[in-house]
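The structure under discussion appears below in the form of structure tokens.
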Amino acid sequence: MSFCDLSKKTALITGGSRGIGYGIACELSRAGAEVFLVSRNEERLTEAVQRIQESGGTAHAFPLDVSHPDAGQDAVKFVIETAGRLDILVNNAGIARDNLLLRMKDEEWDAVIQTNLRSAFFFTKAAMRPMMKARWGRIINISSVIGLIGNPGQANYAASKAGLIGLTKSAAREVASRGITVNAVAPGFIETDMTAALSAEQVNEIKSRIPQARLGNVADVAAAVRYLSSEESAYLTGQVITVDGGMVMGG
Ligand code: NAP
């Protein structure tokens, strides 16, 4: 068996249609896992699933809005009915609605908290039951370095990502004795649709703060998630792994 082999495992990835989530789905599929992708846009989601199937993987699409209170339960039910088990949950779906705090609208605050944080509560709660029964599970929350250091104009986003870290550590303590690990990955600036809107000037300013002097790519994050999904990471729980080219180093 190869290092971080995920054959016979099933993985549910929110926001799996593009960007980091799609990269994670491809990596877990390459490692042998059967993958379940959820996101809102059905056409994009179906295309993502088809691409994974064309490369020899087993993938399924389940379109939904993760901020809906029933989303977690519905998605987990679909996975269990289809595959009979759920081993890995990746809470990745996320949005940004940037504004300075003084100008931030209630809707901008609520949309980000509901999509990025409340959804992880729904999905984690739903996934924990089958994982506890199986006495094995891996839950990985995609946070952000912004949740660790804050960012002007991103109070809602930073709060949601810091909240995910608190959720991660509390859940990790609750289920540690059941063979389930819960960890967070905090990416730095990664090249996806989310960062595509940054101007060349902004990108240069960001690079000047990164010791490796480059933005990350989806594969950098996906590799960390593959490790956290595997048997080999069994003794690692309640941690935040920053994948950021050295931008934020713990003190
Ligand atoms: P992205 O390219 O914008 O992709 C976001 C994904 O989430 C899409 O699949 C999107 O699909 C899905 N999504 C958004 N809202 C949803 C909802 N309400 N229900 C279901 N699915 C939803 O973003 P990304 O850059 O890959 O980011 C992925 C995660 O990494 C996010 O949590 C983000 O905060 C985090 N992150 C990103 C960076 C970065 O630099 N890119 C850095 C740190 C952390 P639909 O639109 O079709 O629903």
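The values are calculated or read from the model by the stated rules, or taken from the named source; none is laboratory data. Just so you know, these numbers come straight off a predicted model, no measurement behind them. Note: accessible area is taken over every heavy atom of the protein model, side chains too, but ligands, DNA and RNA are not part of it. Shrake-Rupley method; radii C 1.70, N 1.55, O 1.52, S 1.80 Å.
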- Using the alpha-carbon centroid of each, what span in Å lies between region 208-240 and region 76-124? 20 Å
- Task: Can you send over the carbon and sulfur percentage of the accessible area for region 62-195, probe radius 1.4 Å, protein chains only?
- Result: 52 percent
- Item | In Å², nearest 10: area of LYS169 left accessible to a 1.4 Å probe | 100 Å²
- Item | Alpha-carbon spread of the chain, three principal axes, descending order, Å | 48, 39, 38
- Solvent-accessible ranking of TYR227, TYR157, TYR22, TYR235, largest area first, probe 1.4 Å: TYR235, TYR227, TYR22, TYR157
- Query: Solvent-accessible area per residue for the chain at a 1.4 Å probe radius, Å²?
  - Reply: 48 Å²
- Message: What aspartates and glutamates does LYS207 reach when the alpha-carbon gap must be under 20 Å and sequence neighbours fewer than 8 apart in one chain are set aside?
- Response: GLU191, ASP193, ASP220, ASP244
- If you rank LYS125, LYS161, LYS9 by how much accessible surface each has, with a 1.4 Å probe, what is the order from largest down? LYS125, LYS9, LYS161
- Message: Under 25 °C and 0.890 mPa s, how fast does region 17-142 diffuse according to Stokes-Einstein, given a Kirkwood radius computed over C-alpha pairs? Answer in µm²/s, whole number.
- Response: 161 µm²/s
- 21 Å Cα-Cα reach of LYS9 towards lysines, excluding residues that sit fewer than 8 places from it in its own chain: LYS77, LYS125, LYS133
- Item | With Cα atoms, 0 to 90° folded angle of helix 218-229 axis to the chain main axis | 40 degrees
